[in-house]
Amino acid sequence: MKTPELAKDLLAQLHAQPWLVVLDGLERVLVAYHRIDAAEVPDEEANAPTDKVLDRNPCDTIRDEDGDLLRALAAARPSKILVSSRLTPRVLLNPAGQPIPGAKRISLPGLRPADARNSCVPAASRAIPTISKTISRRTATTTHLSLACSLASS
């Protein structure tokens, strides 16, 4: 099946009954992260134009059909879609930069590195050693730390 056909089936299911769909790390479908070193891009630099070929907005989706699907997901009642992303996809904002109907933007501040190590890494290392080692080696992001804390406390 092609993406538009799959999207149509997905949307039909989301409209038929309530579902919770979680899309974690959605920035990966955006122009800002369409590069070989995407995993290393600091948050401060992610919003800078990086598309050398087409000079696109960094918050645009790489593929137009992904943008169409995101816009349709915002209207998928009675279901709810939870998205985590370092950047807000432009298709979810109106021309004034405000969320479109069905979308709500909530900015979550990151943890300071010391707080992250003190609160999450010890608990995560007991419950899930692989994730805690990854957190200790990399610059911790809010998404990774939230995952580790949630898994460690369950």
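Just so it is clear, none of the values below were taken in a lab; they were calculated from the coordinates. None of the values given here were measured: they were computed from a predicted structure. Reconstructed Cβ throughout: ideal geometry from the backbone, glycine too, with neighbour counts over all protein chains shown.
Data table
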{"item": "Sorted by Cβ neighbour density within 10 Å, fewest at the top, the residues 27, 5", "result": "5, 27"}
{"item": "Note, ³J(HN,Hα) from phi for the stretch 87-99, Karplus 6.51, -1.76, 1.60, rounded to Hz, x at Gly and Pro", "result": "10, 8, x, 4, 5, 8, 10, 7, x, 7, x, 9, x"}
{"item": "Length added when fully stretched, residue 82-residue 19, from 0.36 nm per residue minus Cα-Cα", "result": "21.6 nm"}
{"item": "Derived scalar couplings ³J(HN,Hα) [the stretch 13-23; Karplus, 6.51 cos²θ - 1.76 cosθ + 1.60; whole Hz; x for Gly, Pro]", "result": "5, 5, 7, 6, 8, x, 10, 10, 10, 10, 10"}
{"item": "Counted charge near residue 83, where neighbours are those whose Cβ lies closer than 13 Å (Asp, Glu -1; Lys, Arg +1)", "result": "+3"}
{"item": "Distant-in-sequence amide H partners of residue 30 (H built 1.01 Å from N, under 5 Å)", "result": "62"}
{"item": "Ranked list, fewest to most other Cβ atoms within 10 Å of each Cβ, for 24, 55", "result": "55, 24"}
{"item": "Counted charge near residue 92, where neighbours are those whose Cβ lies closer than 11 Å (Asp, Glu -1; Lys, Arg +1)", "result": "+4"}
